[in-house]
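Peer 1: One structure coming up, written as structure tokens, with questions to follow.
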Amino acid sequence: MTETNKARDLVATLRVALHQLELTLGCTRDGVAEIASQAERLRDGVEALGELRQREDTSVGIEMFVDAAVDLLEAFRELESGILDVQADVDTLEAEIEDEESRDA
């Protein structure tokens, strides 16, 4: 198999992986949004309970959990927005391969 064919196969593999990741992120989007929503409800509830009991010392574990949920949401958003960049990079690689192939022909 020539180097160009290997490169094309690798680009095709990248495209399949990106497509699968895109599908997986699409399926995960609703779950991540729900996690963020429920984490916000937890935070609001803890704050309201603290005010009701006139205490500022809320459960550290709950705050850590909510912070982790927010971090998850931010990481998910970065992943989701990064797919377009990676797709553009794969398009560039594919174009370079095609250019090399046309020059060799």
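The values are calculated or read from the model by the stated rules, or taken from the named source; none is laboratory data. Treat the numbers as computed from the prediction; the structure is a model and nothing was measured. Cβ sites come from the backbone with ideal geometry, for glycine too, and all protein chains shown count toward neighbours. Just the protein is used for accessible areas: all its heavy atoms, side chains included, with ligands, DNA and RNA removed. Shrake-Rupley method; radii C 1.70, N 1.55, O 1.52, S 1.80 Å.
Peer 1: For the chain, build the charge dipole from Cβ charges (+1 Lys, Arg; -1 Asp, Glu) around the Cα centre, then report which of L10, I83, L21 sits farthest towards its positive end.
Peer 2: L21
Peer 1: Now for a different question. Accessible area of the chain with a 1.4 Å probe: how many percent of it is carbon plus sulfur?
Peer 2: In the chain, the share of accessible area belonging to carbon and sulfur is 56 percent.
Peer 1: I've got another one for you. Taking the Cα atoms only, what angle lies between the long axis of helix 3-52 and the longest principal axis of the chain, rounded to 10 degrees?
Peer 2: Result, in degrees: 10.
Peer 1: Further question: At q = 0.11, 0.21, 0.24 Å⁻¹, what log₁₀ I(q)/I(0) does a Debye calculation on the Cα points of the chain give, no solvent, two decimals?
Peer 2: Each listed q corresponds, in turn, to -0.56, -1.03, -1.17.
Peer 1: Also, quick follow-up: Specify the residue with the greatest mean-square fluctuation among A39, A48, A69, computed from a Gaussian network of the chain linking alpha-carbon atoms under 10 Å apart.
Peer 2: Taking springs between Cα atoms under 10 Å, the residue moving most is A48.
Peer 1: Just to verify a number: FRET efficiency for D91 and A68, C-beta to C-beta distance, R0 = 35 Å, to 0.05?
Peer 2: Efficiency at R0 = 35 Å is approximately 0.50.
Peer 1: Next question, about the same structure. Working from Cα positions, state the angle (0 to 90°, nearest 10) between the long axis of helix 60-104 and the longest principal axis of the chain.
Peer 2: Around 10 degrees separate the two axes.
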